[in-house]
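The values are calculated or read from the model by the stated rules, or taken from the named source; none is laboratory data. Everything numeric in this text was worked out from a predicted model, so none of it was measured. Here the Cβ positions follow ideal geometry from the backbone for every residue, glycine too, while neighbour counts run over all protein chains shown.
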Amino acid sequence: MKSWLAWHIIFMVTWFSGIFYLPRLFVYHTEVSADDTAGQERFKTMERKLFWVITTPGGALTTLTGIRLIHYNYAYYMSSPWMHAKLSLVALLWVYHCVCGYYMLQFKADKNQHSKLFYIVFNEIPTVILISVVLLVFLKPA
């Protein structure tokens, strides 16, 4: 079980590194002028690779190892309110992940409609989720 837990944490760190950095790339991408084609294309490439090569596999492997860990003591975890809250936050993080993918596609099509400030604020959402999940796992409130 400990090796599964270690992999779960490693994949979670990978997922969050992408989830934290992708909206930051969006911030920088909004600052590139429309006539800077090379700059625009560079950000599109970085966003695509970060989303598909690091962030999405990290999320999928986090989820798969998490499911494996739950099966070690399924009855306990499924009867624990803190686990239901954690799983709800993970589902919310997947929604956030998909929204990031949508914004990435908007940038790819040169149809971004949000400001730098929007992405700065948007970038704080996963921080709240991460803090909440870590506190739920370690404190296990009733």
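Remarks
This table checks each residue for (1) aromatic (Phe, Trp, Tyr); (2) loosely packed, with under 13 Cβ neighbours inside 10 Å; (3) over 24 Å from Lys140 (Cβ atoms).
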{"position": "Ser3", "(1), (2), (3)": "no, yes, no"}
{"position": "Ile10", "(1), (2), (3)": "no, no, no"}
{"position": "Tyr28", "(1), (2), (3)": "yes, no, yes"}
{"position": "Thr37", "(1), (2), (3)": "no, yes, yes"}
{"position": "Thr62", "(1), (2), (3)": "no, no, no"}
{"position": "Thr65", "(1), (2), (3)": "no, no, no"}
{"position": "Tyr74", "(1), (2), (3)": "yes, yes, no"}
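- Within the stretch 12-26, the set of residues being over 16 Å from Val90 (Cβ atoms) and loosely packed, with under 15 Cβ neighbours inside 10 Å comprises Ser17, Arg24.
- The one condition in (1) closer than 30 Å to Ala6 by Cβ; (2) aromatic (Phe, Trp, Tyr); (3) free of Cβ contacts under 8 Å to residues at least 24 places away in the same chain that Trp82 fails to fulfil: (3)
- Ala142 vs. criteria at pLDDT below 95 and in contact with a helix residue (DSSP H, G or I) (Cβ under 8 Å, 6 or more places away or on another chain): yes
- Of the residues making up the stretch 27-36, those that are at pLDDT 95 or above and among the β-branched types (Val, Ile, Thr) number 2.
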